Each structure stands twice: as structure tokens, then as C-alpha cells.
Amino acid sequence: MRPLYLQGPGTVVRRDGPALRVARSGAAERWFPLRRISQVVSAAHIDWSIEALLACAESRITVSFIDEEGTVLARLIGKPGNRCELRQRLLDFLLRPDWREQYEQWTTAMERMALRSVIRRTGLAFDQPPEAKALRQLFQDGARGMGQLPAYERIGREVFGLLTGVVTKHLADAGITTETELMGELNPVTTLSSILFWDFQLARLAWLEDRLRENQLGIPERLEIVSFFEARRKRTVHLTRGLLNRLHRWLIELE
């Protein structure tokens, strides 16, 4: 199963039996079997039929709609998977009077773990490990020093949107179908994505350094950013599953 990325003016998506039929002005039609699609990332202007969207929902395929700036405008989330234990544990957890405090402690611990991983990969020595804000500033200063801060920030917006799609899919596989369904203030998609996003901080700075050596200046095209993300998809999926497993074990230990 592979993700499907849709963009380009005049693109039309229709259902054709067990597949999505994608047509674009000046190009031959293409068919993508639903059973081979893991998720869809669609530009906001793509012309979707209701039947095609419903086919994705029935096949548990998440569709993310992204604007020109890389911001996620909306998502269609497929029906939940059969594994609902994590969902039920989260709902039970929200009945605790101290859930906010407990959840904040867990997310803070997971972010610190992510920070330690990033710091190790920088190869830099610090008298005191920097906090999240200081480390984020360090990377921004590096991009600014190359004259590539706008590109660094644009890549970040695009990558974060793509990352939330991966997290949404894996939560749906665990029976959690929306970011806020019956969960009040708890927003697992955003919090988990923010933790996982640290894995892209050093990588996008290194990518910009490579582009600079090749005299490629300015903001990369969306397809380049997608290729950058896809090159790290296997690692991202591994980290996402690992984080969800940690969340599950933590909820069990709280009992």
C-alpha cells in the first residue's frame, strides 16, 4: 500500500469500481486500486466526486486536503479499525479528574525523549541540554544563516501537514476516528504529531544545506517536499507506531 498525492489544475477524481480514476487535462487517465492506497493527500482545488470520497471512507483511507501553503484544511477519515482497546482506554482516562495534568506529564516526557534523540544526532556538545524552545531557535538560526529561513519554515508547514495524515491513519486503525470525538479537549493528532515532528528538524536543515551546495536556492516545489517526506516514511511510520505503543502501555500502567 502506498500514499496517493493529487495536485495539478484540472484534476478530477472519480470512483471506477474498486479503483479511483484520476484524470487531468492533457494527460492520460490513471487508475489506482483502493486496496493499494494507504492514504490520500489532495490539493484543495481537486475535483472529487462524492462516490470517490465515500469509497475512500469505506476502505479506511484517510484523505487530507492541503492548501497552497501546506496547511491541512480538512480531512476525511475512514471508518475505524477493529482494534478499539486504545480508544476505550483513552476514553476511560478522560474520566480521571487529573487527566490534564497526567497527559501533560506524559507528552512532556515524550518530547524530552525526542529532543535527546535530535541532540545526539547533531553531534554538538552542550553544557546543559537545551529546552525545546532553545533547540528550535538554534535550527531557525542555522536556516537564517544560510539565507533559507522562509524555505525552512515552508518545508516545516508542509511536512507537519503530511505527518498529521500519517498519525490520523494510525489512530483510525486503532479505532480513534477523529481528533476530538468524545474526547473533549484531548487532541491526540496534534500532540503526537508535534512530538514526531522533532525527527524532521535536523533533517530539513541538512536538506537545505545540500540544496545550497548545489546552488538550489529558494523554497522547494511541493513535489520535492513530498519526495523528502516519502524518503523518511518508513522511519516515520516506525516512530508513529512506537509512540502509540508507548501511549498504550502508559495508559495500562495508570490503572
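Just so you know, all these numbers are worked out from the coordinates, no wet-lab data involved. All values reported here derive from a predicted model rather than from experimental measurement. No Cβ is skipped: glycine too gets one built from the backbone with ideal geometry, and neighbour counts run over all protein chains shown.
At full extension, TRP31 and ASP141 could sit 35.1 nm farther apart than now, given 0.36 nm per residue minus the alpha carbon distance.
In this structure, the amide hydrogen of ALA19, modeled 1.01 Å from its nitrogen in the peptide plane, lies closer than 5 angstrom to those of LEU34, counting only residues at least 5 positions away or on a different chain. Segment 18-139 has equivalent-ellipsoid semi-axes of 39, 24, 13 Å, by the square roots of 5 times the alpha carbon gyration tensor eigenvalues, sorted largest first.
Entry for the chain at q = 0.07, 0.09, 0.11 Å⁻¹: log10 I(q)/I(0) = -0.28, -0.46, -0.67, Debye formula applied to identical alpha-carbon scatterers, no solvent contribution.
Peptides 39-45, 27-33, 71-77 ordered by packing proxy, namely the average of other Cβ atoms within 10 Å per residue, highest first: 39-45, 71-77, 27-33.
Over the chain, dividing the summed -39,500 (n - 2.57) contributions of all DSSP H runs of at least 4 residues by the number of residues returns a 222 nm mean residue ellipticity of -17500 deg cm²/dmol.
In plain terms, the residue of MET1, MET146, MET110 with the fewest other Cβ atoms within 10 Å comes first and the most crowded comes last, giving MET1, MET146, MET110.
The tail of the calculated P(r) for segment 100-154 beyond 12 Å holds 72 percent of all Cα-Cα pairs.
Placing a pseudo-label 7 Å from each Cα along the Cα-to-Cβ vector at SER59 and GLU131 gives an inter-label distance of 4.7 nm.
In nm, give the distance between the simple-model label positions of ARG241 and ASP47, each being 7 Å from the Cα along the Cα-to-Cβ direction. It works out to 4.0 nm between the two label points.
So if each residue of separation counts as 0.36 nm, and I subtract the Cα-Cα distance between ARG232 and ARG100, what length gain in nm does that give?
44.3 nm
Rounded to the nearest whole angstrom, the semi-axes of the ellipsoid equivalent to segment 95-193, taken from the Cα gyration tensor as √(5λ), stand at 30, 19, 11, largest first.
Take the convex hull of the alpha carbons in segment 2-76; its mean projected area over all directions comes to 4.5 nm².
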